[in-house]
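Worksheet: one structure, shown below.
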Amino acid sequence: MSAPRTVAIVEDHALTRAGLRTALEACEDLAVAGEAEDGPSGQALIERIKPDVAVIDIGIGGFDGIELTRRVRTASPHTHVVILTMHDLEEEVLAALAAGADAYCLKSSSADGIVAAVRVAADGGAYFDPKVARVVMRLVGTPRSVAAPSPLTPRETEVLRMIADGKGNGEIAEALHIGLGTVKGHVRDVLVKLAAADRTQAAVVALRRGII
């Protein structure tokens, strides 16, 4: 087994920091190498340990997470950045992308979602919370001028639109008045038809292809 990917956490709320550490250290392939609570101490930590991934809260003190991301890109280009924020504001998403962030997660994301973002970023990929997928696609890409024929049924398309809006399976089941098992079946079929590894990738693929 290869060595765990190292992660630095830069977050000003102690409870959130502890929660992130717990979620990350529960994974054998990830190891928390250090923590900091503001921009200056975060920069010093990252420059010293040069982690594989830095999880950075956008609202930290000293200087914010966007500025820290810019500095990390210069001082430790090997380090990938996962931005955490309370908001899905277009300006923040654009600023994070421009600064060089690899992933963008809302603090309301599940622990599994944040762990997935860290893993994707560590592998050099890009990850965006489903709630900001539409913003990302509007900023960095546009659908094809002529949408390709969709492989999805109308119901699957409806479910996928809700996934792209950040709704969980329970919310989708309630909104569409169908069972949770039925929703899970639709999600599984969507992933297979779009050759997507997860819900976020399915939403991004569908947006890029003009399916939703």
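Read the figures in this text as sums done on the coordinates, not as results from a lab. On a predicted model such as this, the values are computed, not experimentally measured, just so you know. FYI the Cβ positions are ideal-geometry reconstructions off the backbone, even for glycines, and counts take in every protein chain you see.
Per-structure values
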read-out	value
Globularity ratio of segment 154-209, using Cα Rg and 2.2 N^0.38 Å	1.00
Dipole magnitude (debye, nearest 20) for segment 154-209, charges at Cβ of Lys, Arg, Asp, Glu	220
Farthest positive-ward along the chain dipole, Cα basis, beta-carbon charges - from V120, V192, I60	V192
Segment R155-C27, extension gain: residue separation times 0.36 nm, minus the distance between their alpha carbons	42.5 nm
Förster-model FRET efficiency, 25 Å R0, L15 and D123, C-beta, rounded to 0.05	0.30
Per-pair calculated FRET efficiency, R0 = 22 Å: T74 and I49 via Cβ, rounded to 0.05	0.85
Zero-based 5 Å bins, Cα pair distances in the chain, whole percents	1, 7, 15, 18, 17, 14, 11, 8, 5, 2, 0
Placed amide H near I60: partners under 5 Å, 5+ positions off or other chain	G65
Calculated from backbone phi, Karplus (6.51, -1.76, 1.60) coupling profile of segment 37-54 in Hz, x at Gly/Pro	10, 8, x, x, 5, x, 4, 4, 4, 5, 5, 7, 9, 6, x, 5, 9, 10
